[in-house]
Amino acid sequence: MLKATGVTKSFGEGASRMMALRGVDLAVDYGEMLYIVGPSGSGKTTLLSIISGILRPDSGQVFVKDQDIWALDNDTLAGFRLQTIGFVFQDYHLFPRLTTAENVAIPLILRRTPWAQSLEKARQTLSIVGLEKRESLPPYKLSGGEQQRVAIARAIISSPDLLIFDEPTASLDGDTGRKIVSFVKENILNPKRAIIIVTHDSRIYEYATRVVHMEDGHIVPAEGVADAH
Amino acid sequence: MNGLLRIALKLLLNDRGKFATLVIGITFSAFLMTQMTSMFSGILYQSAANIINVGAKMWVMDPAVETPQNSIPMPAYVLDAVRSIPGVKFAVPLYIGAGLVKLHDGTYQAATIIGIDDASLFGRPRMIAGHILDIYKNNAFIMVKDTNYAKLDDPKVGTTFEINDHRAVVVGLARTAVPGLFGLPTLYTTYSRATQDLPPTRYEISYILVEPKGRADILPIEAAVHRLGYLALTDQEFIARNDRFYEFKTGMGTNIMMMTLISFLVGLSIAGETFYMFILDNIEHFGALKAIGAKSGELIQMIVFQALVVGFLGFGFGVLLSAGLIALAKLQIPNYAAMVTYISLGLALVMVLIISMFSSYIGIRKVTRIDPFDVFRG
Ligand SMILES: Nc1ncnc2c1ncn2[C@@H]1O[C@H](COP(=O)(O)OP(=O)(O)OP(=O)(O)O)[C@@H](O)[C@H]1O
Ligand SMILES: [Mg+2]
């Protein structure tokens with residue numbers, strides 16, 4: 001469902017110019033829960049941003065559902081992200097001044113779904129992640145793991161084809177992190193959806209259907225990393 | 001309401017501290033602007049009291065006259081000349097001058113004396129006690145019962161005093177539409193008595209009041225009077241001339257303008273600064289919205305909406321505050337010269353809208369420059 005070819009990206013100019021991605025190819029199928037792992041600075045976040053239509057590559061192409069996403073203009077691309085991709089950011093980015101349910105409803109509201117309907121759907125989605133009782137609290141009153149689940153609810157509310165997680169367990173303790181990732185695998189992953197997770201956290205590797213390794217702007221063959229399958 | 005705007009509203013309202021600062025800042029600014037301009041409107045209005053109260057359609061005067069407070073006497077032949085202008089239905093003389101009233105306790109009080117044409121009594125006030133025809137009695141004066149009335153020791157019909165060493169009897173009380181700006185009591189009498197009793201100059205006529213036959217005659221009359229070397233104005237033109245005098249030829253207009261501008265700048269800086277902080281506080285969330293798929297135009301809509309909400313609230317509160325304060329002040333000080341006019345309101349509204357637009361511009365610049373990639377990288 002996703003195919004990236006020859007993606008390069010550099011930052012900065014002249015002497016301080018550095019290549020973050022040096023020609024990356026990647027293909028992801030429906031039903032996959034793909035991990036992108038690698039040392040800090042190897043380009044994981046950069047790659048994730050490019051394949052999810054957030055950061056423009058210097059060269060290369062990205063097809064999502066057969067759409068060459070970087071051929072779209074900004075507004076169309078924004079619409080495409082809204083329809084097709086769900087994001088779970090590392091530090092969640094929930095609005096502290098909205099309730100949990102309102103936060104979850106945002107993708108629907110951006111799609112012009114009527115308010116009442118959006119909130120109803122948000123409540124349903126919150127109950128999928130086990131937070132139906134927290135719907136009217138502001139997110140900062142929730143624990144880290146609960147906030148993570150709110151972010152997941154927001155990402156899945158509009159049934160996206162592709163889910164993107166950046167370091168989903170970085171600010172959670174090991175147990176909570178594992179629980180969340182296993183929950184995602186059990187309940188969120190399905191044959192009509194792909195999930196891509198960037199992580200450092202070897203404790204959760206067991207939940208991946210496939211792991212790709214990055215080093216210095218390249219995808220490298222896995223060595224010593226146990227493929228879950 | 002559009003869901004995005006509803007989200008924008010919630011973000012704004014739930015940040016109570018900044019919301020309050022924004023609204024209070026704009027309220028304060030709108031209040032001061034309305035107050036300043038209302039005060040000036042009130043001053044202008046009251047300074048035109050004689051023009052409004054006498055109520056003539058056209059006024060003929062010496063070209064050097066700029067306000068109804070100062071008149072330059074005109075010789076009698078001008079009246080005849082004006083009467084013979086085609087298009088003039090009738091023309092009568094008017095005397096406006098200052099008299100010195102000596103009260104029974106021996107103190108003096110300055111007063112405005114208006115002498116109206118003996119034959120027609122054109123420009124007479126509305127009587128509330130006594131009869132207008134009593135103005136023909138010996139030494140008769142009609143006292144205007146306005147806010148300055150008490151300064152002549154609350155005279156009644158029959159009260160006597162001296163005006164410029166002539167005996168004067170109050171034969172009636174009257175009301176006029178607008179109290180004068182300068183706090184002087186006003187007495188009406190006939191033109192002939194006014195010109196006899198008050199210190200004579202070589203010429204006597206302060207103004208000639210003209211009734212044109214029709215609207216179409218106004219311009220020809222103005223031209224004909226101009227050829228006589230005098231100035232004819234409609235009442236509205238005279239009021240405008242008086243306005244211009246206070247606006248540009250006294251320090252008052254400049255001062256009021258400066259204070260209004262300062263109020264505007266204070267509001268602009270408080271609101272601009274607070275709104276900027278508000279946007280900065282939410283900047284990462286706006287970035288996240290962008291990443292999720294909000295278009296720049298949608299974020300701009302949200303910000304403009306937020307700025308307009310605080311703008312209109314501040315404007316409303318500011319105007320209410322100002323109107324309330326003016327009403328209160330008028331209860332305490334009957335002469336308090338301030339009136340909230342549409343012009344004041346319009347001006348304050350425009351200024352507040354500029355404040356809102358400026359604030360949203362700052363916010364929009366910030367928000368359109370966020371790169372969702374930075375949000376991603378945390
Ligand atoms: N906006 C930027 N300006 C300059 N350099 C950047 C920028 N974004 C990323 N880089 C550089 O690109 C390289 C790859 O960054 P990236 O964030 O993709 O790494 P990462 O693999 O996600 O690292 P981490 O595991 O620490 O999150 C790094 O060397 C980083 O310093
Ligand atoms: Mg990263």
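Here are a few things to note about the model shown:
- Considering residues of the stretch B:189-218 that are at pLDDT 90 or above and loosely packed, with under 13 Cβ neighbours inside 10 Å only, the residue nearest to B:K89 (Cα to Cα): B:G214
- Looking only at the stretch A:112-136, and only at residues there that are part of a helix (DSSP H, G or I) and facing chain B (nearest Cβ under 9 Å), the one that is surrounded by the fewest Cβ atoms within 10 Å (Cβ to Cβ): A:W115
- Within the stretch A:63-80, the residues that satisfy the criterion of being of a type in the set (A, V, I, L, M) and within 17 Å of the chain's Cα centre (by Cα) are A:V64, A:I69, A:L77, A:A78.
- Identification of helices (runs of 4 or more DSSP H) wholly contained in the stretch B:272-378 with 1 or more residues that are within 16 Å of ligand 2 (Cβ to nearest atom) yields B:372-377.
- The combined condition, being at pLDDT 90 or above, surrounded by 15 or more Cβ atoms within 10 Å (Cβ to Cβ) and among the polar types (S, T, N, Q), is fulfilled by B:N242.
- Among the residues of the stretch A:75-91, those identified as within 16 Å of ligand 1 (Cβ to nearest atom) and over 20 Å from A:Y30 (Cβ atoms) are A:F89, A:Q90, A:D91.
- Qualifying residue in the stretch A:15-23 (condition: crowded, with 20+ Cβ neighbours inside 10 Å, modelled with pLDDT under 95, closer than 25 Å to A:Q147 by Cβ and within 16 Å of ligand 2 (Cβ to nearest atom)): no
- Of the candidates A:L55, A:L26, A:L34, A:L21, the single residue that is under 20 Å from B:G287 (Cβ atoms), of a type in the set (A, V, I, L, M) and either away from chain B (no Cβ under 14 Å) or within 9 Å of ligand 1 (Cβ to nearest atom) (or both) is A:L55.
- Subset of the stretch A:181-215 (residues that are in a strand (DSSP E or B) and crowded, with 17+ Cβ neighbours inside 10 Å): A:A194, A:I195, A:I196, A:I197, A:V198, A:V211, A:V212, A:H213, A:M214
- Helices (runs of 4 or more DSSP H) wholly inside the stretch A:42-111 that include at least 1 residues being within 16 Å of ligand 2 (Cβ to nearest atom): A:44-51
- Top-ranked residue of the stretch B:229-262 - restricted to ones that are in contact with a helix residue (DSSP H, G or I) (Cβ under 9 Å, 6 or more places away or on another chain) and part of a loop (DSSP other than H, G, I, E, B), ranked as nearest to B:M351 (Cα to Cα): B:Y230
Every residue, every condition in (1) more than 7 Å from every other protein chain (Cβ to nearest Cβ); (2) more than 16 Å from A:M1 (Cα to Cα); (3) touching a strand residue (DSSP E or B) at 6+ places or on another chain (Cβ under 6 Å), yes or no:
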residue	(1), (2), (3)
A:G43	yes, yes, yes
A:S59	yes, yes, yes
A:V64	yes, no, yes
A:A71	yes, yes, no
A:F80	yes, no, no
A:Q83	yes, no, no
A:D91	no, yes, no
A:I109	no, yes, no
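- Candidate set: the stretch B:351-371, residues that are among the hydroxyl-bearing types (S, T, Y) and surrounded by fewer than 19 Cβ atoms within 10 Å (Cβ to Cβ); chosen: the one farthest from the chain's Cα centre (by Cα): B:T368
- Within the set A:R154, A:R178, the sole residue that is among the basic types (K, R), within 17 Å of the chain's Cα centre (by Cα), assigned to a helix (DSSP H, G or I) and over 30 Å from A:Q67 (Cβ atoms) turns out to be A:R178.
- Scanning the stretch A:101-160 for residues that are among the charged types (D, E, K, R) and touching a Pro at 6+ places or on another chain (Cβ under 7 Å) gives a single hit, A:R154.
- Residues that are within 14 Å of another protein chain (Cβ to nearest Cβ) and closer than 25 Å to B:A20 by Cβ occur at least once in the stretch B:352-368.
- Candidate set from the stretch A:141-176 (those that are under 15 Å from A:I204 (Cβ atoms) and within 16 Å of ligand 1 (Cβ to nearest atom)); member that is nearest to the other protein chains (Cβ to nearest Cβ): A:D166
The values are calculated or read from the model by the stated rules, or taken from the named source; none is laboratory data. Given the structure is predicted, the values throughout are model-derived calculations rather than measurements. So basically every Cβ, Gly included, is an ideal-geometry build from the backbone, and we count neighbours across all protein chains shown.
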